[in-house]
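I have placed the structure first, in the form of structure tokens, so that the comments after it can refer back to it.
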Amino acid sequence: MTTTAASAPMEKVASGRAVTMAGALNAALADALAADQRVVVFGEDVGTLGGVFRVTDGLAARFGEDRVFDTPLAEAGIVGTAIGMAMNGLRPVVEMQFDAFAYPAFEQVTSHLAKLHNRTRGAVSLPIVVRIPYGGGIGGVEHHCDSSEAYYAHTPGLRVVTPASPADAYRLLRQSIDCPDPVIFLEPKRRYWSKETAELTSTGPAIDQATVVRPGTGVTLISYGGTVATALEAAAAAAEEGWDAEVIDLRSLSPVDDRTLTASVRRTGRAVVIHEAAGFCGYGAEIAARLTERCFHYLQAPILRVTGFDIPYPAPALEGHHLPSTDRILDAIARLQWDDEPDQRWLSPDGAHA
């Protein structure tokens, strides 16, 4: 099994001290295993190795191989086994080693994991968490840096969540494990080693609630996962230009917190949606459509998107150009502020609509 991108052993986490996102996820898994004997953790290399990114480091030694264990390289088998376990009363937490490695399990996820509760008229619940490290920013290559959130969010019957900070990683994972529904838990691998001083607690915003991480009045920046930090950097830079940007962390991609989004955009009148995935049919298109339907008479400009390009994930030397950046976000904000020649401001230099 691959051990690409393996890191140093996991640090011991004390609540209220500086912790990485990987450390917070490790603590969440440990606390869930300790709190509920039905919780089991398994996947490729999650046992002895402690996971490619060391998120499960030390858990097998602490809880034993009956509850934290390695599996064969068979993603469809991992999810299929989890479904059978959940049907028999367990609460599996499984790991897909990288985002694009999860595709062999996609049929199990969409045909069975997402549908069995409805198929049995509510008689069978599948409290399963599928952890997927996703996104770029680590200098990885194709199959190691996909942003596959739209596939899962498009599938009724699944919850899809993604944290942007260590504290929220702990909170969201604990809430996901306790949830009676199947949850696709997307972990932005570029933020695994970002560190903050945090109280690790499962209390706070509900699993399906967005949060305003930076208040503002002039434009709403909407993001999730790995690009929330980028949006915050852009908001700070925008303030130097006199633009007061509000930043929303979606947290839950399905269901989406329409109330928080609508309230913000009705106040600011402008919005930019930011994500790493390709723009065409990307998740941001759904957000833009929903906000246009709900906020049309409040909008002072079209809703713009800053996304990855419509290409397969590029080589490491080019990913800095591909990923949304502070400059690209500032360019979008500047376009929203342009008051002259309103019929032309949404045209790019080659005359095509943005």
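The table that follows gives values for the structure above.
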read-out: Pairs where the first residue, in region 84-98, is under 14 Å from Leu173 (Cβ atoms) and the second is open to solvent by 40 Å² or more (accessible area, probe 1.4 Å) and assigned to a helix (DSSP H, G or I), C-beta under 8 Å, 6+ apart; value: Pro92/Thr81; Pro92/Met85
read-out: Output for region 239-255, where each listed residue is open to solvent by 30 Å² or more (accessible area, probe 1.4 Å) and either at pLDDT below 95 or more than 21 Å from Leu172 (Cβ to Cβ) (or both); value: Ala239, Glu240, Glu241, Gly242, Trp243, Asp244
read-out: Any pair with Cβ under 8 angstrom, 6 or more apart, that starts in region 160-177 at a residue that is under 14 Å from Ala35 (Cα atoms) and ends at one that is in a helix (DSSP H, G or I) and not aliphatic (A, V, I, L, M); value: Arg174/Asp31
read-out: Output for region 213-241, where each listed residue is over 16 Å from the mean Cα position of the chain (by Cα) and within 20 Å of Pro255 (Cβ to Cβ); value: Thr220
read-out: Residues (in a helix (DSSP H, G or I), open to solvent by 20 Å² or more (accessible area, probe 1.4 Å) and either in contact with a Leu (Cβ under 8 Å, 6 or more places away or on another chain) or hydroxyl-bearing (Ser, Thr, Tyr) (or both)) located in region 311-335; value: Thr326, Arg335
read-out: Inter-residue pairs, beta-carbon under 7 Å, first more than 19 Å from Ile287 (Cβ to Cβ) and in region 306-325, second of a type in the set (A, V, I, L, M) and open to solvent by 40 Å² or more (accessible area, probe 1.4 Å), 6+ apart; value: Ala315/Val141; Pro316/Val141
read-out: The listed residue being in a helix (DSSP H, G or I), over 30 Å from Val93 (Cβ atoms) and touching a residue at least 12 places away in the same chain (Cβ under 8 Å), out of Ala237, Ala229, Ala263; value: Ala237
read-out: In region 142-165, residue nearest to Ala100 (Cα to Cα) [restricted to those that are open to solvent by 40 Å² or more (accessible area, probe 1.4 Å) and at pLDDT 95 or above]; value: Tyr151
read-out: Region 256-310, subset acidic (Asp, Glu) and buried (at least 17 other Cβ atoms within 10 Å of the Cβ), residue nearest to the chain's Cα centre (by Cα); value: Glu276
read-out: Options Asp168, Asp181: the member that is in contact with a strand residue (DSSP E or B) (Cβ under 7 Å, 6 or more places away or on another chain), of a type in the set (D, E, K, R) and either open to solvent by 30 Å² or more (accessible area, probe 1.4 Å) or under 21 Å from Ile132 (Cα atoms) (or both); value: Asp181
read-out: Failed item, numbered, when Phe42 is tested on (1) closer than 30 Å to Ala150 by Cβ; (2) surrounded by fewer than 17 Cβ atoms within 10 Å (Cβ to Cβ); (3) more than 20 Å from the chain's Cα centre (by Cα); value: (2)
read-out: Yes/no for Gly139 being in contact (Cβ under 8 Å) with a residue 24 or more places away in the chain, surrounded by fewer than 17 Cβ atoms within 10 Å (Cβ to Cβ), of a type outside the set (S, T, N, Q) and closer than 20 Å to Ser325 by Cα; value: yes
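Residues are listed down the side, and each one gets a yes or a no for (1) farther than 25 Å from Phe280 by Cβ; (2) assigned to a helix (DSSP H, G or I); (3) touching a Cys at 6+ places or on another chain (Cβ under 7 Å):
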position: Gly136; (1), (2), (3): no, no, yes
position: His144; (1), (2), (3): no, no, no
position: Pro156; (1), (2), (3): no, no, no
position: Tyr170; (1), (2), (3): yes, yes, no
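The values are calculated or read from the model by the stated rules, or taken from the named source; none is laboratory data. Since the model is a prediction, treat every value here as computed from it, not as a measurement. With ideal geometry, Cβ positions are generated from the backbone for all residues, glycine too; neighbour counts draw on all protein chains shown. The protein model used for the area step is the full one, side chains on, heavy atoms only, and it has no ligands, DNA or RNA in it. Shrake-Rupley method; radii C 1.70, N 1.55, O 1.52, S 1.80 Å.
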